[in-house]
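Any read-out appearing in this document is the output of simple, stated calculations on the displayed coordinates, not a laboratory observation. Fair warning: this is a prediction, and the values are worked out from it, not measured in the lab. Every residue, glycine among them, receives a Cβ derived from its backbone with ideal geometry; neighbour counts consider all protein chains shown.
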Amino acid sequence: MNELWQRAGENEKKWQDFCRSQFVGKSVIGDYGNKKTYIIHDIIFEKNPCSQFFTRTVKLANGEKKDEYISIAKYFLQSFGKQVSDKRQPLL
């Protein structure tokens, strides 16, 4: 993606279009878990591995409930032992 950024003249819209043309519709093999093959349907440029998602709601000792979230990078580290090297990359 860095090469595409340079080719786009550091123009974000052009870079996103280049990335989509190169990756959408292609297949990738996950280097984690059961190593399944996935088809890339889109690239989410607004999110990255530091983005968080909901995991569960826990009941606290005082009876209140609290939602818990985890970053995608931390989830991959905890679940698969994989360190995300570029935390600025968009999500596939």
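Before moving on, here are some points about what is shown:
- Residues Leu91 and Lys59, FRET efficiency given R0 of 41 Å [Cβ-Cβ distance, rounded to 0.05]: 0.85
- Taking Lys and Arg as +1 and Asp and Glu as -1, the other residues whose beta-carbon sits under 15 Å from that of Glu46 total +3.
- Full-extension gain in nm, Gln22 to Lys82, via 0.36 nm per residue minus C-alpha separation: 19.1 nm
- The label point for Ile39 and the one for Leu4, both projected 7 Å from the Cα toward the Cβ, are 1.8 nm apart.
- Relative contact order for the chain: 23 percent, from Cα pairs under 8 Å spaced at least 6 residues apart, divided by residue count.
- Acute angle (nearest 10 degrees) that the helix 12-23 long axis makes with the longest principal axis of the chain, alpha-carbon atoms: 90 degrees
- For the peptides 65-74, 31-40, the ranking by mean Cβ contacts within 10 Å, running from highest to lowest, is 65-74, 31-40.
- Zero-based 10 Å bins, Cα pair distances in the range 14-92, whole percents: 16, 36, 31, 12, 4, 0
- Cross-linked pairs Lys14/Lys87; Lys35/Lys87; Lys35/Lys82; Lys13/Lys87; Lys14/Lys36: Cα-Cα separations exceed 23 Å for Lys14/Lys36.
- About the Cα centre, charge dipole magnitude for the chain (Lys/Arg +1, Asp/Glu -1 at Cβ), debye: 280 debye
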